[in-house]
Structures are given as structure tokens and as C-alpha cells.
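Data first, discussion second: the structure below is written as C-alpha cells.
The values are calculated or read from the model by the stated rules, or taken from the named source; none is laboratory data. It should be emphasised that the depicted structure is a prediction, and the values quoted were computed from it without experimental measurement. No Cβ is skipped: glycine too gets one built from the backbone with ideal geometry, and neighbour counts run over all protein chains shown.
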Amino acid sequence: MAYQRIFPEEGVFPQLATMKGSALVGCLINAPLSVHKNVRVLPMETVLATKGTGVVTSVPSDSPDDYATVTDLAKKADYYHIKKEWAELEIIPIIQTPSYGDLTAPFLCKQMKIISPKDKEQLAQAKELAYKEGFYQGIMLIGDHKGMEVQKAKPLVREEMVKAGLAFTYNEPEGKIISRSGDECVIALCDQWYLDYGEAEWRKQTETHLRETLETYTDETRNGFEGVLAWLNKWACARSYGLGSKLPWDPQFLVESLSDSTVYMAYYTVAHYLHSSLDGKKPGKFNIDPKQMSDDVWDYLFCRTEMSPKVLESGIPEDKLKTMRREFEYFYPLDFRCSGKDLIPNHLTFFLYIHVALFPPRYWPRAIRANGHLLLNGDKMSKSTGNFLTLQETVAKYGADASRIALADAGDSVEDANFEEKTANAAILRTFNLKEWCEEVVKESDEGKLRTGPKDNWWDKVFENEMNQLVEQTRKSYEL
């Protein structure tokens, strides 16, 4: 909360008093919008005391965790040092659902035989079922929005509570997030620049490109893009530290990595004219200074603007400008891009959006193939668990040929591929046996023990046709 401008000073929260949580048990409080007034604070083991006040409103009608807790509290009142009647308030129906009726939590707890708050696995499943159906198919049974769908009523109730001073907006991650430095991350409200990917016309053009002209090779990849385009909206595209290009209109910020480098392949088409070393310090064929490459010049090269006076003010000769533009037009559009399927929800979708925004349709990407991740011996690669191999380590351990065979056997679709070390070991043995056989055959050839003469029998024709067929299949595969 201290980093979301809720308190007066950034990063500092006012501490009014210090007390034990047990001292609050039994206190009378007023829960906003509750039918029951002056409810009691009761113990609950699953509440995170590290977030907010450590006190939450119990909704036993629709939260399986809350229902299991109040049921357990009523059964073991003496154990929890409370009065039994504190946990026996009437459960008021709030939401009507088609599958679970108007008391979702009691229904699911009974159906899944949940008898204690310690049944964590069943409670997690019940929570997912209850919240999903309650939000998407639930109907309000009480309050000012009675009869309205829950997904429509929720933002209205939130807005009303904020206006009435009963609540304030607070954000937190879905789970615990640890940074590379080992610190626990919090959500902070900072000055930020956003790209409005959800803008109606821009989204419509990108969806049309995906539907009509982009090859994705698999339905899973296409469905992935369609799903992302359906929800992707404003995206924070800048950050204040790390690697990245400076934001031209606000240099204190850098373009964050997923939003950056979405059209770098366009730069490849003219890079050899601009520099001849990877660091960009050695001039290229046209001996152009980086400062000469103004926005107007880039617009002329990539966006087909006219050869205006501002372009010529760069000092780059007109014939060199035309050559670079012709080079871009020759190599674009991008025919094919291959990347990991985990980038579909962000970088690859940005890649499509930015191309649609900057270039005319003739220069939009033609194909994207998404590949799966590489598993090692059936498990996710992880340095922390030791289940990890670099390409260099793999070749050193098994040799190039056995590594290639194991990688080919691992798979190459959008599903996760699995590099099995036993496959690599088996390939070494098979390769050794093949070597031994080849040496034996060559030796027999030198001794004149092999057949000689023209190819004239049926087996020769079968072998030759088999090889021709493999050559043809290989040619077709490369064409794909």
C-alpha cells in the first residue's frame, strides 16, 4: 500500500499501534455491505497477515474456504477460544448459479467431502469452480443490483464503495514474486507510458491480418493469437532502469524489452550500408554517420514517405537513400519468424501490432511458427534443481552426432520437446556400431569380396528409387 499512493509519503506506512492478532479475536466490527451488523473477528489460518490488515470479510455462502472455516470454528469453539454462537450466524444467499444453486460453498464442500480447512487440495479445486461459475454465470440475489449478472455488478459495487469511502483501490500480484536479487516484489504506482493495443481500429486491422494473410502452421498457435488479441489492452512499455533504448520523448525511461525490438528485422535490410561492425562504430558501405539517420530518413526508408527537403537535410545523397529504400522493399515483408510459444501473449503479438501500425499491408509478416520448450529427461530445465544442460555441455558430453540424433528425436512441434540423455547414449552405441560395420564393409571391398559389375538386378532398382524418393521428400520439406 505504501507504494501505491494510499499513504502520504512514498514507501512509508503510518504505524498507529502494535498488538497481537489474538487480541482482535472476538472484537465487534462492521463489515461494509454486510446484512449482519457488528460481526465478530474470528481466527482463520489461511489469511495472510503480511498483506493489508490481516483481516478479511468472510463470505461462507460462496467461498469454500470461509465455509469450511466457520464450520470448523463452530465445531471446535473451545479449541479456538471463541464462543460457538460467534461462528453460527445465518448464511445469507448472495449469488445464484446454474450448477450450485444459491449456496455455492456449502454445495461444493458437501459434494467434494471437504470437512476441514486443512483439506487444502480439495478447497483449491472448489474455490476455482465456485469463483469461475459465480463470476461468469452468477446472478445477484441481494442488494441494489439484485437480478444483475455478477460480472456486470462487480465493477459497479466497487465504484460505489470507493465513492462512499468504504473501500480504496489496492493492487497485488496473484502470487509471491521474487526478483533476481532475492527480494520480494510489490506492485507500485509509478509514472508510466502505455501502448494502447486495445484501440478498436488497430486491433481490427491486426485481427484481419491474422485471419486472412498470416500463416501460423498450427491451430494452437492461431488460437493463441486470437485469445491474446481478445484481451490485450494497455501495456506498460517503459521502465526506469536496465537495458533498452531510451524513450525519445521522455529519455528518463527505457523501452522495456518485450515492447522493444519488434521491427529489428527491417533494420537488417539496410544495416550493411550503415555499419560494418557489430558495435556499430565502424562505418558501412555508404559511410553514413548515425546522426544523419533522422526520423524523416527512417520514414522515407520504411514508411514510403516522399523525398522531402527534411530528408535531404540529413546530408545523405539521394541515390544512396533510394538504394537503401530499394533494399528494404526487396527483402520485406518478413517471410517467416520462429520463436517460443511463451512469447505469443506478449512479444509476438506486439510484433504483429507494430508492423500493422508502421507499414502498409504489403509489408506485414507472412508467417510465424511457435515452438514448444525443451525438456530434459521429461522435466523442465532448471539450474536450481540441477536439471540443466547447455548446448556446449551437450556436445562435449555426447558429441555432435549423438546430440543431433537426440534433438531430432525430442520433437519439433508446438508441444514441448524432450531431450532424453538415454537416447543420446543409445545413439553413441549405434553410431559406434555403424562405424565398425562401415570399416568392415570397406575392408571386404578392398579384399574383393563385394559384388562387382553393372547395376542390373531388382534390388539395385529398389535402392535407387528409394534414394530418389528421399531426395524428393527432402526437397518438398525444405519448400515448406
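Go through segment 304-360 and tell me which helices (runs of 4 or more DSSP H), entirely inside it, have 1 or more residues that are free of Cβ contacts under 8 Å to residues at least 12 places away in the same chain and surrounded by fewer than 18 Cβ atoms within 10 Å (Cβ to Cβ). Before you say what the answer is, go through the steps one by one.
Working: elements: 309-312, 318-331, 347-358.
In segment 304-360, the matching helices (runs of 4 or more DSSP H) lie at 309-312, 318-331.
Per this entry, residue 411 is not counted among residues that are without any contact (Cβ under 8 Å) to a residue 24 or more places away in the chain and out of contact with any Ser or Thr (no Cβ under 7 Å at 6 or more places or on another chain). Pairing each residue of segment 11-32 that is closer than 28 Å to residue 163 by Cβ with any residue that is modelled with pLDDT of 90 or more and assigned to a helix (DSSP H, G or I), provided the two are 6+ apart or on different chains, yields C-beta distances under 8 Å for 32/161.
Yes/no matrix, rows are residues, columns are (1) assigned by TED's automatic domain parsing to the domain that holds residue 414; (2) surrounded by 15 or more Cβ atoms within 10 Å (Cβ to Cβ); (3) at pLDDT below 90; (4) under 22 Å from residue 193 (Cα atoms):
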| residue | (1), (2), (3), (4) |
| --- | --- |
| 209 | no, yes, no, no |
| 216 | no, yes, no, no |
| 222 | no, yes, no, no |
| 226 | no, no, no, no |
| 244 | no, yes, yes, yes |
| 248 | no, no, yes, yes |
| 268 | no, no, no, no |
| 277 | no, no, yes, no |
| 282 | no, no, yes, no |
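Among the residues of segment 3-18, the one identified as hydroxyl-bearing (Ser, Thr, Tyr) and under 34 Å from the mean Cα position of the chain (by Cα) is 3. Considering segment 183-202, and only residues there that are under 30 Å from residue 363 (Cβ atoms) and in contact (Cβ under 8 Å) with a residue 40 or more places away in the chain, the residue that is surrounded by the most Cβ atoms within 10 Å (Cβ to Cβ) turns out to be 197. No other residue among 101, 54 is loosely packed, with under 14 Cβ neighbours inside 10 Å and touching a Gly at 6+ places or on another chain (Cβ under 9 Å) apart from 54.
Check segment 381-391 and report whether any residue there is touching an Asp or Glu at 6+ places or on another chain (Cβ under 9 Å) and basic (Lys, Arg).
The initial filter retains those residues of segment 381-391 that are touching an Asp or Glu at 6+ places or on another chain (Cβ under 9 Å), namely 385, 387, 389.
Narrowing the set further to residues that are basic (Lys, Arg) leaves none.
Within segment 381-391, none of the residues are touching an Asp or Glu at 6+ places or on another chain (Cβ under 9 Å) and basic (Lys, Arg).
The set of residues in segment 258-289 being in contact (Cβ under 8 Å) with a residue 12 or more places away in the chain and under 21 Å from residue 242 (Cβ atoms) consists of 258, 259, 260, 262, 263. Within segment 57-69, the set of residues being crowded, with 22+ Cβ neighbours inside 10 Å and of a type in the set (A, V, I, L, M) comprises just one member, 68. Go through (1) modelled with pLDDT under 90; (2) not assigned by TED's automatic domain parsing to the domain that holds residue 105 one by one and return the number of the condition residue 55 breaks. Evaluating residue 55 over (1) modelled with pLDDT under 90; (2) not assigned by TED's automatic domain parsing to the domain that holds residue 105 leaves (2) as the failure. Restricting attention to segment 144-163, the residues that are loosely packed, with under 14 Cβ neighbours inside 10 Å and either touching a helix residue (DSSP H, G or I) at 6+ places or on another chain (Cβ under 6 Å) or within 14 Å of residue 62 (Cβ to Cβ) (or both) add up to 1.
Considering only residues that are polar (S, T, N, Q), within 27 Å of residue 187 (Cα to Cα) and free of Cβ contacts under 8 Å to residues at least 60 places away in the same chain, which ones fall in segment 33-57?
Step one: filter segment 33-57 for residues polar (S, T, N, Q), giving 34, 38, 46, 50, 53, 57.
Cutting the leftovers down to within 27 Å of residue 187 (Cα to Cα) gives us 46, 50, 53, 57.
Once the filter is applied, which keeps residues that are polar (S, T, N, Q), within 27 Å of residue 187 (Cα to Cα) and free of Cβ contacts under 8 Å to residues at least 60 places away in the same chain, segment 33-57 yields 50, 53, 57.
Just wondering, is there one or more residues in segment 445-460 that are in contact with a Phe, Trp or Tyr (Cβ under 8 Å, 6 or more places away or on another chain), without any contact (Cβ under 8 Å) to a residue 60 or more places away in the chain and either within 30 Å of residue 342 (Cα to Cα) or surrounded by 11 or more Cβ atoms within 10 Å (Cβ to Cβ) (or both)?
Here is the first cut: in segment 445-460, the ones in contact with a Phe, Trp or Tyr (Cβ under 8 Å, 6 or more places away or on another chain) are none.
No: zero hits.
Of everything in segment 384-396 that's surrounded by fewer than 14 Cβ atoms within 10 Å (Cβ to Cβ) and not hydroxyl-bearing (Ser, Thr, Tyr), which residue is modelled with the lowest pLDDT? Among residues in segment 384-396 that are surrounded by fewer than 14 Cβ atoms within 10 Å (Cβ to Cβ) and not hydroxyl-bearing (Ser, Thr, Tyr), the one modelled with the lowest pLDDT is 386. Look at segment 203-221: where a residue is closer than 17 Å to residue 347 by Cα and a partner is small (Gly, Ala, Ser), sitting 6+ places away or on another chain with Cβ atoms under 6 Å, you get 221/370.
Please enumerate the residues belonging to segment 58-70 that are of a type in the set (S, T, N, Q) and either without any contact (Cβ under 8 Å) to a residue 12 or more places away in the chain or not in a helix (DSSP H, G or I) (or both). Result: 58, 61, 63.
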